Amino acid sequence: MRLFADSASDLPKQFFDDNNVALFPLRVHIGDEEYEDILTIHSSKIYDAIRSGGQPKTSQVSPEDMQKAFQQLAKDGEEGFYVAFSSELSGTYSTAVMIANQVREDYPDLKLTILDSKAASLGYGLLVKRAVELRDAGEPLDAIIANVEKLADNLQSIFTVEDLDYMAKGGRISKGSAFVGGLLNIKPLLNVENGKLVPIEKLRGRKKVLKRMIELMEERGNDLDKQHIAISHADDLDFANQLKDEIESRFKPQSVEVHMVGSVIGSHTGPGTLALFFFESYV
């Protein structure tokens, strides 16, 4: 069985190499330069560009890359499972479905399932890691798909950004939803609902943001001591580690992993983002 995921999962390149997961990189554009997320650019370059007044752009996975991978899957007669970036945040999922249907015209026996993760960053990454865990345990493809789909429906993604204007400019939220209070040290708190980014609260200062994240985790999460928690940050490791320390002290989860927000996601959220991912119920 062959697993596919794209770079919006914000998992490090080493993870894909070590776990035999095929990587589809989304693309990032800074001025006239184009980069492949994870492969040819580090997200710190994105944050430096934004701080300098630049506005990086992003684009989907190359359709040609998908077509080659899906054709090879069909030729090899293997089963495939692609856990894809939220369809509400990118056209990558829709493009993958279209390409798979085109490949089936020549290879009608193509065995490929493409799942809309309805997630981004390390929340999406947790779903990919679960698929790897089940594959390595010898579970059949149907069982893996069913489990990952249930987890996707249970995923909680709670995050804060320094300035919602970054996401409004990138079209990831409506301009009417972009409430910003930088001069007053007001931090927006958001979550992901059915794959969409939704502002939910405004809080004054980082301490209150961290406190509220922990409260929401306690309200919404079950069996947190059995879970693997993920935190992603946009060039603010100290902020992320504060949250990590509080979670480990309070809930005693199996693990808490911390990674930097990748270039594609970071192009839309900007520097200073902090995101927390856990499950309502770990199935």
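Label segment 1-74 by shape, choosing from rounded, prolate and oblate, from the square roots a ≥ b ≥ c of the eigenvalues of the Cα gyration tensor; if a/c is under 1.5 it is rounded, and otherwise prolate applies when a/b is larger than b/c, oblate when it is not. The shape class here is oblate. Compared with the direct C-alpha span, the chain from residue 79 to residue 17 gains 20.4 nm at full extension, assuming 0.36 nm per residue. Counting only residues at least eight positions apart within a chain, or on another chain, the aspartates and glutamates with an alpha carbon under 13 Å from that of residue 150 are 116, 142, 280.
Protection proxy ranking for 200-207, 110-117, using the average of other Cβ atoms within 10 Å per residue and placing the highest first: 110-117, 200-207. Could you tell me how many degrees, from 0 to 90 and to the nearest 10, lie between the Cα long axis of helix 121-136 and the main elongation axis, the longest principal axis, of the Cα atoms of the chain? Tilt relative to the chain: about 40 degrees. Peptide packing: for 148-155, 215-222, the average count of neighbouring Cβ atoms within 10 Å per residue gives the ranking 148-155, 215-222, highest mean first.
Where a ≥ b ≥ c are the square roots of the eigenvalues of the C-alpha gyration tensor, would you call the chain rounded, which needs a/c under 1.5, or, failing that, prolate if a/b is larger than b/c, or oblate? Oblate is the answer for the chain, as a/c is 1.5 or above yet b/c matches or exceeds a/b.
Distant-in-sequence amide contacts of residue 86, defined by a placed amide H-H separation under 5 Å and a gap of 5 or more residues or a different chain, comprise 117, 118, 119.
Distances between placed amide hydrogens fall under 5 Å for residue 110 paired with no residue 5 or more residues away or on another chain. Return one number: the angle in degrees, 0 to 90 and rounded to the nearest 10, between the long axis of the Cα atoms of helix 206-220 and the longest principal axis of the Cα atoms of the chain. Value to nearest ten degrees: 50.
In this Cβ point-charge picture (+1 for Lys and Arg, -1 for Asp and Glu), segment 1-94 has a dipole of about 140 debye about its Cα centre. Between the beta carbons of residue 1 and residue 65, assuming R0 = 22 Å, the FRET efficiency works out to 0.65 to the nearest 0.05. The HN-Hα couplings worked out from phi for segment 192-202 by the Karplus form 6.51 cos²θ - 1.76 cosθ + 1.60 (θ = phi - 60°) are 10, 10, 6, x, 9, 8, 10, x, 10, 8, 10 Hz, whole numbers, x standing for Gly and Pro. Note on residue 193 and residue 104: their simple-model spin labels are 3.3 nm apart, each label 7 Å out from Cα toward Cβ.
For a straight C-alpha distance cut-off of 21 angstrom, the lysines reachable from residue 202 (same-chain residues fewer than eight places away being disregarded) are 169, 175, 187, 211. Dividing the summed -39500 (n - 2.57) terms of all DSSP H runs of n ≥ 4 by the residue count of the chain sets its mean residue ellipticity at 222 nm at -12500 deg cm²/dmol. Based on DSSP, what percent of beta bridges with both residues in segment 1-152 are antiparallel, to the nearest 5? If we restrict to bridges inside segment 1-152, about 30 percent are antiparallel.
Scanning residues 5 or more positions from residue 157 or on other chains, those with amide H under 5 Å from its amide H are 192, with H placed 1.01 Å from N in the peptide plane.
Shape class of segment 203-259 from the alpha-carbon gyration tensor: oblate, with a/c at 1.5 or above and b/c at least as large as a/b. So what is the relative contact order of the chain, in percent, for Cα pairs below 8 Å that sit 6 or more residues apart? Relative contact order for the chain comes out at 22 percent. Whole-Hz Karplus values for segment 229-236 come out as 9, 10, 10, 10, 9, 9, 6, 8 Hz, taken residue by residue from phi with 6.51 cos²θ - 1.76 cosθ + 1.60 and θ = phi - 60°; glycine and proline positions read x.
Pairs exceeding 32 Å between alpha-carbon atoms, taken from 13/111; 68/252; 75/226: 68/252; 75/226. Round to the nearest 10 and give me the degree value, 0 to 90, for the angle of helix 63-76's Cα axis relative to the longest principal axis of the chain. Helix 63-76 sits at roughly 40 degrees to that axis.
Explain nothing, just the number: dipole magnitude of the chain about its Cα centre with +1 on each Lys and Arg Cβ and -1 on each Asp and Glu Cβ, in debye rounded to the nearest 20.
Taking the Cα centre of the chain as origin, the dipole is about 1020 debye.
Are there chymotrypsin sites (Phe, Trp or Tyr not before Pro) in segment 47-146 that DSSP puts in a loop and that have at most 15 other Cβ atoms within 10 Å, and which ones?
Counting only loop positions with at most 15 other Cβ atoms within 10 Å, none of the chymotrypsin sites (Phe, Trp or Tyr not before Pro) in segment 47-146 qualifies.
In this label model, residue 39 and residue 250 are separated by 4.0 nm, measuring between points 7 Å along each Cα→Cβ vector. Here's the list of aspartates and glutamates a cross-link from residue 207 could span, going by alpha-carbon distance under 16 Å and ignoring same-chain residues fewer than 8 apart: 162, 215, 236, 238, 245, 246. The antiparallel fraction among DSSP beta bridges confined to the chain stands at about 60%.
With each label modelled as a point 7 angstrom along the Cα→C-beta vector, the residue 280-residue 142 pair spans 2.6 nm. Scalar couplings 3J(HN,Hα) for segment 249-261, obtained by applying the Karplus form with A = 6.51, B = -1.76, C = 1.60 to θ = phi - 60°, are 5, 7, 10, 6, x, 4, 6, 9, 9, 10, 9, 6, 4 Hz; x denotes Gly and Pro.
Every read-out reported here was derived from the displayed coordinates using simple, explicitly stated rules and does not represent laboratory data. Here the structure is a predicted model, which means the values were calculated and not measured. Note that we place each Cβ from the backbone using ideal geometry, even for glycine, and neighbour counts take in every protein chain shown.
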